[in-house]
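Please treat every number below as a calculation from the coordinates, not as lab data. Remember, predicted model here, so these are calculated numbers, not experimental data. Heads up, the Cβs are rebuilt from the backbone with ideal geometry, glycines too, and the neighbour counts pull from every protein chain shown.
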Amino acid sequence: MTEPSALRLIARELAETRFADRAAGWDRTREYCWRNVAELAEAGLMGMTIPRAHGGRGASFLEACGVIEEIAKVCTLTARVVVEANMGAISAVMTYGSPAQKALWAELVLAGDKPAICITEPGAGSAASEMTTTARRVAGGYRISGTKHWITGGGVSRLHLVFARVETETGAPEGIGGFIVLADPARNDFPDGFTVVRRERTMGLCGMPEAELRFEGVFVAEDMVLRPPSGFARGFADLMSAYNSQRVGAGTIAMGVAAGALDHARRYLLQRQQFGRPLAEFQGLQWMLADMDTGVHASRLLLEAAAASAQTSPTGFPDRTMAARAKLFASETGVRVVNDALQMFGARGYGDAEPLERMARDVRMFTIGGGTAQVLRTQIAGALLDIKTPQTREGYTRLAQTPAPAAMPTLRAS
Ligand code: FAD
Ligand code: COA
């Protein structure tokens, strides 16, 4: 057993002394956790993965995962802020961005901004590469047009990384790129053409706005275009490569919530008496607890391995398949573990005197957001079999036309 890192200990202290008591309040009021964000920034946990040269701590994804786990044990909402302030969009900018872009993002994130990553559209969820938002070349930059929805932090975030289909002045397609859009929601200051259309009402993670954002010819100057290293033609792949870090972060939240629920359940079994004995003495519950504990440990190992893979990967991001596997396993395990913990509390677990019902609502999201369990399974299977399984109807049509299995056109040459 290794000693907890210094960052994990800082996070644990904040989680136990500040965030735990406030978690039910954010859930009830649906308010964004500004107070927690200020304390995270003060403790250097907003932007801890930002390199030291830009004022961050230069923490690894693995170290960040330790922080995320500690916070997720008590407040899923705050843990989501930590993920998005250290992984995903910020990682893409800190890797692919120009010096000015890096300086801007570092300054705002270190001061407490949680960037918003804008990929999903009403017609392009799992099929994210079918996005229709465009970035049309104009004098001095690009104009963004389209609608993104389910954007975490929409209406509170200042920094936005908008994925869009890049077009020349005449509309010829060039690929997919990332476009930095800056707003100041606190001052109700949005660029022309940028509208926060509405906020979703969600079953869990209630303090976090999930918003629909409309872009109607929003101007993005040339210097705010995030240019992926291999150009727009391969831009989607490069941006998704950076996004693998966020998948590890999301999986870590699910594991952390499960670890928190497990701890609540363990204590309750020792304390609650029925039939004249503590619940802890009933083997039916002991075995449930053992399975829950095993699931949490296995999730943690998968997530740590995925996070650590970034340190040896040529991209600097977690390995795609390891990230998919870890998020898939941790999210499904998290849902099951929290549900079982709630069961152990009986009626008490169903009421709001305990945090289990909130945790169950919160953790449910993680098999959906950031790549659904089904999509991740397809990616893992594709990697195992070295097959790119077409999900589009044309893809299946092509397969149906294939004369013999030996000539499968979708088998990738290795
Ligand atoms: P769909 O793609 O419509 O899928 C519906 C169902 O069909 C799912 O069960 C899915 O697994 C299944 N399915 C779809 N295609 C296949 C297939 N080929 N094979 C098998 N099954 C399939 N997006 C952002 O860009 N930024 C954010 O900040 C963000 N935050 C989010 C926060 C929350 C709380 C949630 C719930 C979502 C968020 N999302 C965000 C969107 C999220 O990434 C999408 O919900 C997700 O990618 C799935 O897309 P969808 O909801 O349109 O589902
Ligand atoms: N990491 C690295 N590269 C990735 C990647 C990832 N996670 N996902 C896709 N790519 C690359 C692919 O390898 C491919 O490159 P290639 O042409 O060299 O093979 C390219 O991006 C396009 O991917 P492909 O699988 O062909 O895309 P698709 O058009 O079939 O779309 C996805 C499928 C990628 C959109 C789908 O699998 C997916 O991940 N959906 C979930 C979207 C999501 O997570 N949204 C979260 C919003 S917050």
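Each residue of region 108-120 was assigned a 3J(HN,Hα) from its phi angle through the Karplus expression (A = 6.51, B = -1.76, C = 1.60, θ = phi - 60°), giving 6, 5, 4, 7, x, 7, 9, x, 10, 9, 10, 10, 5 Hz with x at Gly and Pro. Over the chain, the Kirkwood radius and the radius of gyration, each from Cα atoms, give a ratio Rg/Rh of 0.99.
Would you mind telling me the antiparallel percentage of the DSSP bridges in the chain, rounded to 5? Write down the numbers at each step before the final one.
Details: 36 of 42 bridges.
Counting only bridges with both partners in the chain, antiparallel ones make up about 85 percent.
In percent, how large is the relative contact order of the chain, given Cα pairs closer than 8 Å and 6 or more residues apart?
Working: 781 pairs, mean separation 59.9, N = 414.
Computed value for the chain: 14 percent relative contact order.
Across region 6-110, Cα-Cα distances exceeding 19 Å account for 39% of all pairs.
Among 321-328, 49-56, 136-143, 167-174, how do they line up by average Cβ neighbours within 10 Å per residue, starting with the highest? Write down the numbers at each step before the final one.
Details: 321-328: 26.5, 49-56: 17.0, 136-143: 15.2, 167-174: 11.2.
Listed from highest to lowest mean packing, they are 321-328, 49-56, 136-143, 167-174.
Can you check what the Kirkwood hydrodynamic radius comes to for region 87-222, Cα pairs only, in Å to one decimal? Kindly include the intermediate steps, with their values, before the conclusion.
Details: mean 1/r = 0.0659 Å⁻¹.
The Cα-based Kirkwood calculation yields 15.2 Å.
Of all alpha-carbon pairs in region 281-356, indicate the percentage at a distance above 22 angstrom. In whole percent, the share of Cα-Cα pairs in region 281-356 beyond 22 Å is 40. In terms of surrounding Cβ atoms within a 10 Å radius of their Cβ, 203, 344, 288 rank from fewest to most as 203, 288, 344. Each 10 Å bin from 0 upward holds the following percent of the Cα-Cα pairs of region 317-388: 21, 38, 23, 14, 4. Show me, bin by bin at 5 Å from 0, the whole-percent P(r) of region 245-387 based on Cα pairs. It works out to 2, 11, 19, 18, 16, 12, 9, 6, 4, 2, 1, 0, in whole percents. Applying the Karplus relation 6.51 cos²θ - 1.76 cosθ + 1.60 with θ = phi - 60° to region 306-320 yields 3J(HN,Hα) values of 5, 5, 5, 4, 4, 5, 10, 7, x, 7, x, 10, x, 4, 4 Hz, where x marks Gly and Pro. Protection proxy ranking of 24-36, 237-249, by the mean of other Cβ atoms within 10 Å over each peptide's residues and highest first, is 237-249, 24-36. Ranking 209, 228, 338 by how far each Cα lies toward the positive end of the dipole of the chain (charges on Cβ) leaves 338 at the top. In sequence order, region 353-362 has phi-based couplings of 6, 10, x, 4, 5, 5, 4, 5, 5, 5 Hz under the Karplus curve 6.51 cos²θ - 1.76 cosθ + 1.60, θ = phi - 60°, and Gly or Pro positions carry x.
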